[in-house]
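Asker: Structure provided below as structure tokens; questions to follow.
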Amino acid sequence: MKAIIMAGGEGSRLRPLTCNRPKPMVPVMNRPMMSYIVELLKAHGITDIGVTLQYMPESIRDFFGNGSELGVSLRYYVEETPLGTAGSVKNAASFLDDTFVVISGDALTDFDLSRAIEFHREKESVATLVLTKVATPLEYGVVITDRRGSITQFLEKPSWGEVFSDTVNTGIYVLEPEVLDYIEEGQIFDFSKDLFPLILKKGRPINGVVLEGYWCDIGNLQQYLQAHLDALSGRVKINIPAVGKEGIYTGQGVEVDRSAVIKGPAFIGDNCKIGAEARIDAFTVLGSNSIVGDRATMKRSITWNGAYIGRGAALRGAIVGSRVQVQSGAGIYEGAVIGSDTVIKENGIIKPDVKVWPHKVIEAGATVQSSIVWGTRYPKKIFGLDGITGLANIETTPEFAARIAASFATVQGKSGRLAASSDSYPATQMIKRAVISGMQSVGAVVADLGEGITPLHRFAVRALELDGGIHIKVCPRRTDLVTMVFTNKSGGNISRGVERKVENVMLREDFKRAEADRVMPLDNVRDADTQYVRSLLTAVGGINTGSKSIRLVTAYDGKNLDRFIKPAFDSAGIKYDNLDFELKGRARSWQAYREMLPQLAEAVVNSGADGGAVLDHNGDSLILLDERGRVVSDDMLTALSALIVFKTRGGPVVVPVTAPDTIEKMAQLYSGKVIRTKTAVQDFIDRIISLEGGGEGEGSFSQFLLHFDALGSLLSILAFTRSRGMTLGDLVDEIPAFYMNKKVVPVPWETKGTVIRKLIEDPEREMELLDGVKVFHRDGWALVLPDPEEPVCRIYSEGATMEIAESLADFYVDKISNIVGMNLIC
């Protein structure tokens, strides 16, 4: 006995799931649905199988091969043009020399095919149709038979007035080769519409057999979801590729946090990872190699292989394709379907029944209420506030890193000399290796700086006279993110114009690939860390500790920073105790360090230390504590750095537009000048470099070090206080009091322009438009700054008192909320 599996279906009603695969390859319970049909045929002794193909035939051929792995023999017959169901089988006529079974490759069933074959032979039929009873036959071909099973009439998708039977055609047939003679070769010919009515007209024996069991024609998305519910509830007898226990099927290599909850029936594919306090509710299917983040929830939802469900994300009755990213706080609701390789960014919402085609990006905070068909995988703007930041090995993958590095090197031009560095964590080192490969692939000369921190990278680019580079670090905001910092020949961040050029090359894939003999060898730079520390000590002019050593209490990541801090402190005669806790090779977020400040302040006071210092794991950010345990960070640290520059050389001092007005007051005292700049790192650094060129001069108290090098800033401040015979607290006391407040207000991406326009249209107050909208009031000011990476506006305010600062911030929160509300109503 032979069989034909009809597998040419395009599956248009299953889109967007079938945009990049034929319908028989759509997975059910993590396996292509056609694989269940092959197993069913084999179970009934049918192992010689032909497969008719038409839409994306290679996809099926590549997966199933010759069938040997499944214990069957498969042959393929491709329709060059559509031939209809019967015409496709006629295309395989040379294979069919005896009674054969025809079955669809995109249905799910456990029918007893042996019983159908037995019935066919008993009746000596030319054609036997397998029938089943359904409650609502409107979407099927109704077949009317007499008591002996002989077919008397066909009704294709009848109206209720024509429903004379509840037995429908399942698309499973037992046929004799004779029927092929009725089919014209190369013509569109259908079984139900053409062949069977013709056989009936000719008076040849054609019968129908009603079989008990499960059958689902997976013709639309609702039926696709229902097939999974039926498989999990045991209504269909199929081989589920996992071990079942208490209704929960789990594959190999699954990791489930102890605090996670899984309620059966559910399916968890191979190598899945489920985070802390995540919840997988009943009738959920999780494809292999998927990640469910902490506190994420899934209910009656299906994901394909490689899905990423971020922290706190929610899926409710949704279907998600392969490699889809559902980032933190995002939600997908009932009936929504997300095509493969789509990214739904943080807090994005997909409303019920929305369809999103593959390779789309839903921006952070966006709400999608209608289907999205057109668009591209990459947003037009890839760069953010400080280079490119993305989820490690999910958004920022080695493949992406190599391509963006090749784009950057292409923009630099022929014979570019570029640096590559990363911190000491495995994920960033992996990305660095990809970056090096990408740069080399377009002919760049790459200097590998090894493991390091951002300030070392900036120093090495200048010292080695390179054209720029890329430093990869764990993001201080969230340690599951990786940031790629792109630098120019001055060690500053590349300009927005260069960013746009890199983005354009990336999107066009216009890489200038080097020929094999033009790929340059890697230059492994030695002693970069030693040279960097030496340059810091030279820049601050040494620290005169006198008869009494400086004693500090510190909090920093020893894994990443010890190689810099230990030699620097030893050379400067600084004694210190580091409050660091073992994180098993993981980075600590900047917020986690902030939460250590009370403990650090207590340790400073109790030990009688000269102060305390917190440095982030990449040496970018600094928090100081004076000898009394008072915290000096953010705006106060900016003011303190400005005061040092005023005292040593009078200025000019460069500060961001968000800095307090007290800096202008200090400038008047020292006859200095204040230059305000945009808040973006690239603007701030470029303005400082244009004034002092990197600040390596001895004793210069460089603003570059004070603002963009945590270790350099700490050494500079200690050197200054010791040279003046003062404590850190004395220096803080010289700063005039100021009061600032910061708030965040949600603003949809599409409303940000309206918010800024409405604020500017207010003629009553003086404004500054350097960066965002800064509005001056009688006793203070407020700055409204649209965030370039999130759907929010950030509000900064300063007042004569803290109450005024808070009231100004609240005033603009309310004003912006009203503008957003009115825009949504319109």
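Asker: Condition first: open to solvent by less than 50 Å² (accessible area, probe 1.4 Å), outside any helix (DSSP H, G or I), of a type outside the set (A, V, I, L, M, F, W, C) and under 17 Å from LYS23 (Cα atoms). Now tell me which residues in the stretch 59-89 satisfy that.
Answerer: Hits for the stretch 59-89 are TYR76, TYR77, GLU79.
Asker: When both residues are 6+ apart or on different chains and their Cβ atoms are under 6 Å apart, which pairs have a first residue that lies in the stretch 787-812 and is under 30 Å from VAL361 (Cβ atoms), and a second that is of a type in the set (Asp, Glu) and not in a helix (DSSP H, G or I)?
Answerer: Hits for this filter: ARG794/ASP787.
Asker: Suppose we filter the stretch 268-282 for residues that are surrounded by 24 or more Cβ atoms within 10 Å (Cβ to Cβ) and in contact with a Lys or Arg (Cβ under 8 Å, 6 or more places away or on another chain); how many remain?
Answerer: Quick first cut of the stretch 268-282, residues surrounded by 24 or more Cβ atoms within 10 Å (Cβ to Cβ) only: 268-269, 272, 274, 278, 280.
Now narrow it down to the ones that are in contact with a Lys or Arg (Cβ under 8 Å, 6 or more places away or on another chain): 278, 280.
Within the stretch 268-282, residues that are surrounded by 24 or more Cβ atoms within 10 Å (Cβ to Cβ) and in contact with a Lys or Arg (Cβ under 8 Å, 6 or more places away or on another chain) number 2.
Asker: Determine if the stretch 741-752 includes at least one residue that is more than 30 Å from ILE689 (Cα to Cα), open to solvent by 30 Å² or more (accessible area, probe 1.4 Å) and assigned to a helix (DSSP H, G or I). Steps first, please.
Answerer: Residues of the stretch 741-752 that are more than 30 Å from ILE689 (Cα to Cα), as a first pass: 743-752.
From the residues that got through so far, the ones that are open to solvent by 30 Å² or more (accessible area, probe 1.4 Å) too are 743-744, 746, 748-750.
Going one step further and asking which of them are assigned to a helix (DSSP H, G or I), we end up with 749-750.
Yes, the stretch 741-752 contains at least one residue that is more than 30 Å from ILE689 (Cα to Cα), open to solvent by 30 Å² or more (accessible area, probe 1.4 Å) and assigned to a helix (DSSP H, G or I).
Asker: Looking at the stretch 304-354, which of its residues are surrounded by fewer than 20 Cβ atoms within 10 Å (Cβ to Cβ), at pLDDT below 95 and outside any loop (DSSP other than H, G, I, E, B)?
Answerer: ILE349
Asker: Quick check on the stretch 238-251. Is at least one of its residues under 25 Å from ALA330 (Cβ atoms), open to solvent by 60 Å² or more (accessible area, probe 1.4 Å) and part of a loop (DSSP other than H, G, I, E, B)?
Answerer: no
Asker: Here's something else I'd like to know. Determine, yes or no, whether THR727 is out of contact with any strand residue (DSSP E or B) (no Cβ under 6 Å at 6 or more places or on another chain), of a type in the set (S, T, N, Q), open to solvent by 20 Å² or more (accessible area, probe 1.4 Å) and more than 22 Å from THR679 (Cα to Cα). Give the derivation first.
Answerer: On the way: out of contact with any strand residue (DSSP E or B) (no Cβ under 6 Å at 6 or more places or on another chain): yes; of a type in the set (S, T, N, Q): yes; open to solvent by 20 Å² or more (accessible area, probe 1.4 Å): yes; more than 22 Å from THR679 (Cα to Cα): yes.
In short, yes.
Asker: A further question follows. Can you name every residue in the stretch 391-431 that is open to solvent by 20 Å² or more (accessible area, probe 1.4 Å), charged (D, E, K, R) and in contact with a strand residue (DSSP E or B) (Cβ under 8 Å, 6 or more places away or on another chain)?
Answerer: Correct list: GLU395, ARG417.
Asker: Next question. Would you pick out the residues in the stretch 284-303 that are surrounded by 24 or more Cβ atoms within 10 Å (Cβ to Cβ) and of a type outside the set (S, T, N, Q)?
Answerer: Of everything in the stretch 284-303, those that are surrounded by 24 or more Cβ atoms within 10 Å (Cβ to Cβ) and of a type outside the set (S, T, N, Q) turn out to be VAL285, LEU286, GLY287, VAL292, ALA296, MET298, ILE302.
Asker: Give the number of residues within the stretch 117-166 that are modelled with pLDDT of 85 or more and assigned to a helix (DSSP H, G or I).
Answerer: Taking the stretch 117-166 first, the residues modelled with pLDDT of 85 or more are 117-132, 150.
Retained after the next criterion (residues that are assigned to a helix (DSSP H, G or I)): 117-123.
So the count comes out to 7.
Asker: Mind listing whichever residues of the stretch 467-488 are open to solvent by 10 Å² or more (accessible area, probe 1.4 Å) and under 18 Å from LEU522 (Cβ atoms)?
Answerer: ASP467, the sole residue that qualifies.
Asker: Mind listing just one residue for me: the one in the stretch 31-58 that is touching a Phe, Trp or Tyr at 6+ places or on another chain (Cβ under 9 Å) and in a strand (DSSP E or B) and, of those, most open to solvent (accessible area, probe 1.4 Å)?
Answerer: Top of the filtered list is ASP48.
Asker: Okay, moving on. Please pick out the residue among ASP510, ASP529, ASP523, ASP448 that is out of contact with any Gly (no Cβ under 9 Å at 6 or more places or on another chain), touching a residue at least 60 places away in the same chain (Cβ under 8 Å) and open to solvent by less than 70 Å² (accessible area, probe 1.4 Å).
Answerer: Working: ASP510 fails: open to solvent by less than 70 Å² (accessible area, probe 1.4 Å); ASP529 fails: out of contact with any Gly (no Cβ under 9 Å at 6 or more places or on another chain); ASP523 fails: open to solvent by less than 70 Å² (accessible area, probe 1.4 Å).
Being out of contact with any Gly (no Cβ under 9 Å at 6 or more places or on another chain), touching a residue at least 60 places away in the same chain (Cβ under 8 Å) and open to solvent by less than 70 Å² (accessible area, probe 1.4 Å) holds for just one of ASP510, ASP529, ASP523, ASP448, which is ASP448.
Asker: Right, another one. Identify, please: which residue in the stretch 728-747 is touching a helix residue (DSSP H, G or I) at 6+ places or on another chain (Cβ under 8 Å) and among the aliphatic types (A, V, I, L, M) and is, among those, modelled with the lowest pLDDT? So that I can check it myself, show each step before the final result.
Answerer: At the first step, the residues of the stretch 728-747 found to be touching a helix residue (DSSP H, G or I) at 6+ places or on another chain (Cβ under 8 Å) are 728, 730-732, 734-743, 745-747.
Filter again for among the aliphatic types (A, V, I, L, M), leaving 728, 731-732, 735, 737, 740, 745, 747.
Details: LEU728: 95, LEU731: 95, VAL732: 95, ILE735: 95, ALA737: 94, MET740: 95, VAL745: 94, VAL747: 90.
Looking at the filtered set, the residue picked out is VAL747.
Asker: Here's another thing I want to ask about it. Going by the conditions given, is PHE564 open to solvent by less than 30 Å² (accessible area, probe 1.4 Å) and in contact (Cβ under 8 Å) with a residue 40 or more places away in the chain?
Answerer: Working: open to solvent by less than 30 Å² (accessible area, probe 1.4 Å): yes; in contact (Cβ under 8 Å) with a residue 40 or more places away in the chain: yes.
Criteria met by PHE564.
Asker: Out of SER716, SER807, SER817, SER797, report the one residue that is open to solvent by less than 20 Å² (accessible area, probe 1.4 Å), of a type outside the set (A, V, I, L, M, F, W, C) and assigned to a helix (DSSP H, G or I). Before the answer, list the steps.
Answerer: On the way: SER807 fails: open to solvent by less than 20 Å² (accessible area, probe 1.4 Å); SER817 fails: open to solvent by less than 20 Å² (accessible area, probe 1.4 Å); SER797 fails: assigned to a helix (DSSP H, G or I).
Among SER716, SER807, SER817, SER797, only SER716 is open to solvent by less than 20 Å² (accessible area, probe 1.4 Å), of a type outside the set (A, V, I, L, M, F, W, C) and assigned to a helix (DSSP H, G or I).
Asker: Condition first: part of a helix (DSSP H, G or I) and either within 27 Å of GLY11 (Cα to Cα) or in contact with a strand residue (DSSP E or B) (Cβ under 6 Å, 6 or more places away or on another chain) (or both). Now tell me which residues in the stretch 92-116 satisfy that.
Answerer: Initial filter on the stretch 92-116 (part of a helix (DSSP H, G or I)): 93-95, 113-116.
Correct list: ALA93, PHE95, LEU113, ALA116.
Asker: Scanning for something buried (at least 18 other Cβ atoms within 10 Å of the Cβ), modelled with pLDDT of 95 or more, of a type outside the set (S, T, N, Q) and within 22 Å of LEU507 (Cα to Cα), does the stretch 453-462 turn up at least one residue?
Answerer: Checking the stretch 453-462: not a single residue is buried (at least 18 other Cβ atoms within 10 Å of the Cβ), modelled with pLDDT of 95 or more, of a type outside the set (S, T, N, Q) and within 22 Å of LEU507 (Cα to Cα).
Asker: Can LEU221 be described as under 22 Å from GLY11 (Cβ atoms) and either open to solvent by less than 50 Å² (accessible area, probe 1.4 Å) or among the hydrophobic types (A, V, I, L, M, F, W, C) (or both)? Show your work before the answer.
Answerer: Numbers: under 22 Å from GLY11 (Cβ atoms): yes; either open to solvent by less than 50 Å² (accessible area, probe 1.4 Å) or among the hydrophobic types (A, V, I, L, M, F, W, C) (or both): yes.
Judged against the criteria, LEU221 is a match.
Asker: So, one more: Among the residues in the stretch 646-665, are any open to solvent by 10 Å² or more (accessible area, probe 1.4 Å), under 29 Å from GLY799 (Cα atoms) and touching a Pro at 6+ places or on another chain (Cβ under 9 Å)?
Answerer: Within the stretch 646-665 (the criterion being open to solvent by 10 Å² or more (accessible area, probe 1.4 Å), under 29 Å from GLY799 (Cα atoms) and touching a Pro at 6+ places or on another chain (Cβ under 9 Å)), the answer is yes, since at least one residue qualifies.
The values are calculated or read from the model by the stated rules, or taken from the named source; none is laboratory data. Model, not experiment: these values are computed from the prediction. Here the Cβ is made from the backbone with ideal geometry for all residues, glycine too, and neighbour counts use every protein chain on show. The accessibility values were calculated without ligands, DNA or RNA, using every heavy atom of the protein model including side chains. Shrake-Rupley method; radii C 1.70, N 1.55, O 1.52, S 1.80 Å.
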